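Here the structure comes first, spelled out in structure tokens, and everything after it is commentary.
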Amino acid sequence: MRVLITGGGGFLGSHLSDAFIARGDEVYVLDTGSIIKVRHLLDSPGFHYVHDSIFNLELLDGLVAKADLIYHLAAVVGVEHYVADPYQTLNVNVNGTQNVLKAAYKYNKRVVFGSTSEVYGRNPKVPWSEHDDRVLGATSVDRWCYSTSKAVGEHFCFAYHKMGLPVVVLRFFNVYGPRLDRLDVGRVFTIFMGQLLRGADITVVGDGSQTRCFTYVTDAVKGMVQAGLKQEAVGEAINIGTEVETSILEFARLMIKLYGASKSKIKLVSQEEIYGSSYEDIPRRVPDTTKMRTLLGVTPKVSLEDGLRLTIDWFESEQQKG
Ligand SMILES: NC(=O)c1ccc[n+]([C@@H]2O[C@H](COP(=O)([O-])OP(=O)(O)OC[C@H]3O[C@@H](n4cnc5c(N)ncnc54)[C@H](O)[C@@H]3O)[C@@H](O)[C@H]2O)c1
């Protein structure tokens, strides 16, 4: 099978590429970013890296035409980006997604779309099942543009599905693992990891009582692969995550414990100090994973402690390589 992964040079895409290459499939990655997360695959005969954008329509058309299955993961991701550059976030996540769906519709190719737990916004009723409401703030607050951009992407997916396109929407819940982001930027793990390695204090935003359900990447990738293969998944939105809720304070303490010889202590910092006044944190974010288990046949297996140990070890060894 020939699999096209837009954004395949990113964190999830690189692990998904590993999974399809291990199955003996052919993988085409289309990504504007660096090859660093897939450099170990560059010598695999079935792996192809196309350094270009989903806005190059002619190229996209050619790649979609020869693919059997498409994962659309290309997006502007990360709080720092959607607060700093809402235009780019909306443009790539909405107009770019439309480009991919339009090409897939032309050739009738299945698309698995990478959406997010952010679409539920701050709905206080957890756990969230896929039909639960989206509860968001005002459009004048940039922080909501990522959630909205992904929800528009989902609406386009369902609109194309109504016209006959096989589409699956996956909503990821805080997936982490080796190759996540650069140290000190991006998501909570890499920010804490950078601080741990430097012996700096771990900056927990707010009082640290906000919770997340952290999902180790191999568990998420199992769900992603099945979403591309299983007929029952077509036309569905499916949460990809664990139901194990961990507060950010507990997460920071666990990282300090597992890292061992750290001088780092926990320091509480205000939300405004880190993200400015246009940010608003979500107090609890918990998926109902029934559909993941029943439609995809995947139950997450890796505990937070085991997953964190593997991820911390990977980042430490990368740092030692320099
Ligand atoms: N990792 C998570 O926990 C998580 C959570 C929610 C949603 N998601 C979604 O899953 C997908 C993958 O996330 P990730 O964690 O791997 O993020 P990532 O930032 O590592 O990957 C996104 C990739 O998209 C690429 N990209 C951006 N603009 C592009 C363009 N115009 N053309 C081609 N490529 C472009 C980037 O270079 C990057 O490599 C994203 O769509 C994201 O919104 C991930």
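Assorted remarks:
- In order along the range 129-141, phi translates into HN-Hα couplings of 8, 4, 9, 5, 5, 9, 10, 10, x, 5, 6, 6, 9 Hz, rounded to whole numbers, per the Karplus curve 6.51 cos²θ - 1.76 cosθ + 1.60 with θ = phi - 60° and x for Gly and Pro.
- The ranking of E58, E232 by Cβ neighbour count inside 10 Å, starting from the fewest, reads E58, E232.
- Over the range 146-201, the ratio between the Cα radius of gyration and 2.2 N^0.38 Å evaluates to 1.71.
- Inter-part distance where the range 232-259 and the range 85-141 are each reduced to a Cα centre, Å: 20 Å
- Set of aspartates and glutamates with alpha-carbon distance to K109 below 18 Å, sequence-local pairs under 8 removed: D25, E26, E58, D61, D68, E154, E232, E236
- Value of Rg to Rh for the range 1-125 (Rh from inverse mean 1/r over Cα pairs, i.e. Kirkwood): 0.98
- Length added when fully stretched, R198-H155, from 0.36 nm per residue minus Cα-Cα: 11.2 nm
- By the beta-carbon count within 10 Å of each Cβ, the least crowded to most crowded order of H155, H72, fewest first, is H155, H72.
- Oblate is the label for the range 56-170, because the ratio a/c of its alpha-carbon gyration tensor axes (a ≥ b ≥ c) is 1.5 or higher and a/b is not greater than b/c.
- The range 199-322 shape via C-alpha gyration tensor axes, a/c threshold 1.5: oblate
- Phi to ³J(HN,Hα) by Karplus 6.51 cos²θ - 1.76 cosθ + 1.60 over the range 223-231, Hz, x for Gly, Pro: x, 5, 4, 4, 5, x, 10, 7, 5
- 3J(HN,Hα) along the range 211-221: 10, 9, 10, 7, 10, 6, 4, 5, 5, 5, 5 Hz, from the Karplus curve 6.51 cos²θ - 1.76 cosθ + 1.60 with θ = phi - 60°, whole Hz, x for Gly and Pro.
- Intensity falloff of the chain expressed as log10 I(q)/I(0), Debye formula with alpha-carbon point scatterers, at q = 0.08, 0.09, 0.11, 0.12 Å⁻¹: -0.34, -0.44, -0.67, -0.81
- Share, in percent, of DSSP beta bridges within the chain that are antiparallel, nearest 5: 5 percent
- Cut-off under 5 Å, modelled amide H: who pairs with R110 long-range: I70
- Approximate spin-label separation H51-V135, in nm, with each point projected 7 Å along Cα-to-Cβ: 4.6 nm
- Pairwise label distance in nanometres, D281 with N91, each label 7 Å out on the Cα-Cβ vector: 3.2 nm
Throughout, read-outs are computed from the coordinates displayed, never taken from laboratory work. A quick note: this is a predicted structure, and the numbers were derived from the prediction, not measured. Virtual Cβ from ideal backbone geometry, glycine too; neighbours counted across all protein chains shown.
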